[in-house]
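Structure first, then comments.
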């Protein structure tokens, strides 16, 4: 399955390239590890994910190019979603999901708008190996062992996902700015979303910002500023029309809310750090409470 995923992603990448592309160089890497063990320590539902972005394009001048296709983000994601009880899901709990995706996204900035659009190929099921990795990680850390959830996870499948986002930064002061946005996604989960993020400090305005799919935290995939700090507060609401991760008889909620806070620290030109926490509202009717995920990134460039 993963060979098919990689081959299809390379095909999509070739289609995204403009006919007469400017020479591209590697502009940056974006990373984010999320886990509820560094959040509310609950170890359930949206329990963990990893996001990796490679950005290539023409020389970075503090903003994306004005036309689509000139700057491309190659995106790899892995996510584990689990029921509340790892020994086995209850009759109303969500199923276990192990998903890996590969995609290509274009970022461009006509005038004051920051735009992004792209597609991802998503593999789900036992063949991804994520349930085996989850079992190994829990055994290594003496955490609760996975029980029958592995046998009751979603079957192997391949999905195509498309997403887009439009944001318009607004300066509110010398070191304060707001970034309202609207976004849409169609694929394994189909939804529309609107929200905003507010930056306090000297980072972010001249970076390429990539949004983490689970938490909504903004990842600095191209880091444009020198040593500085920034605190980011954000929130959004989504209207969900379909979710392959919540099949019947699980009853999905139509509305999802997120609220988040984070600290970006550019320690030097070659070192940066991020930690953030995100509150996620309930995603299905039988979910007993919201949850809080922690997000962590450490960039070391040698």
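Odds and ends about this structure:
- Virtual paramagnetic centre 7 Å along Cα→Cβ of residue 231, amide N under 12 Å, in segment 173-206: 199-201
- Mean Cβ neighbour count within 10 Å, used as a protection proxy, ranking 269-278, 165-174, 214-223, 29-38 highest first: 214-223, 29-38, 269-278, 165-174
- Note on residue 198 and residue 158: with the Förster distance fixed at 41 Å, the Cβ-Cβ geometry gives a FRET efficiency of about 0.60.
- Take the Cα of residue 141, step 7 Å toward its Cβ, do the same at residue 61, and the gap between the two points is 4.5 nm.
- The slack between residue 166 and residue 151, meaning 0.36 nm per residue of separation minus the straight C-alpha distance, is 1.4 nm.
- Nearest-0.05 FRET efficiency for residue 178 and residue 111, computed from C-beta distance (R0 25 Å): 0.90
- Between 0 and 90°, nearest 10: helix 2-16 axis offset from the chain longest Cα axis: 30 degrees
- If you plug the beta carbon distance of residue 284 and residue 50 into 1/(1 + (r/R0)^6) with R0 = 35 Å, you get a FRET efficiency near 0.90.
- Above 35 Å, the calculated P(r) of segment 2-300 contains 17 percent of its Cα-Cα pairs.
Where a number appears in this text, it was derived from the coordinates with a stated rule and is not lab data. These numbers come from a predicted model, not from an experiment. Cβ atoms come from the backbone with ideal geometry, glycine included; neighbour counts cover every protein chain shown.
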